[in-house]
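Contents: one structure, followed by commentary.
The values are calculated or read from the model by the stated rules, or taken from the named source; none is laboratory data. Every value quoted in this text rests on a predicted model; they were computed, and no experiment measured them. All Cβ positions, even for glycine, are placed from backbone atoms using ideal geometry, and neighbour counts span all protein chains on display.
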């Protein structure tokens, strides 16, 4: 039985969608802004190309950002933990839970402001580490603890409802 087909993946928080939309719009704005600047300095053709590019690329970028958000997910099924991410080149990984030898929790300054982290499962197999980007902090820590009980649990604080904080 294929573990990637047997699992219901848990989505990531809406702020992860906002991050992807922000990156898409910023990238397109930067490209079109550069074209417009070059157009002002060199030729009016580039100015026209800049606004036409913005009109054409913005819906494509937003669509890809929303698709990237929809493809973010993680879950546990039997002996496997499953993680998915990507849009044009979507990747799904199924790791044997017994094979995970460590967890790394990192966050950029922008992720910290949004309450997100990148959770990395370390394993001795294949690539050595598998990332789960833009997962909520409490959600990610609870997932890591459930996926490999005892590995991360000793470092976590729990509230009175036994939820990770």
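Between 39, 78, which is touching a helix residue (DSSP H, G or I) at 6+ places or on another chain (Cβ under 9 Å) and assigned by TED's automatic domain parsing to the domain that holds residue 114?
On the way: 39 fails: assigned by TED's automatic domain parsing to the domain that holds residue 114.
The conditions single out 78.
State all residues of the range 24-59 that are closer than 25 Å to residue 88 by Cα and surrounded by 14 or more Cβ atoms within 10 Å (Cβ to Cβ); if no residue qualifies, say none.
Residues satisfying the conditions are 24, 25, 28, 29, 31, 32, 50, 53, 54, 57, 58.
Residue-wise test of (1) surrounded by 19 or more Cβ atoms within 10 Å (Cβ to Cβ); (2) over 15 Å from residue 13 (Cα atoms).
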residue	(1), (2)
102	no, yes
115	no, no
127	no, yes
131	no, yes
144	yes, yes
150	no, yes
154	no, yes
160	no, yes
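Please enumerate the residues belonging to the range 3-55 that are under 26 Å from residue 76 (Cα atoms) and either part of a helix (DSSP H, G or I) or without any contact (Cβ under 8 Å) to a residue 40 or more places away in the chain (or both).
3, 4, 5, 6, 14, 15, 16, 17, 18, 19, 20, listed by residue number.
Consider residue 70 carefully, then state whether it is at pLDDT 95 or above and in contact with a strand residue (DSSP E or B) (Cβ under 7 Å, 6 or more places away or on another chain).
no
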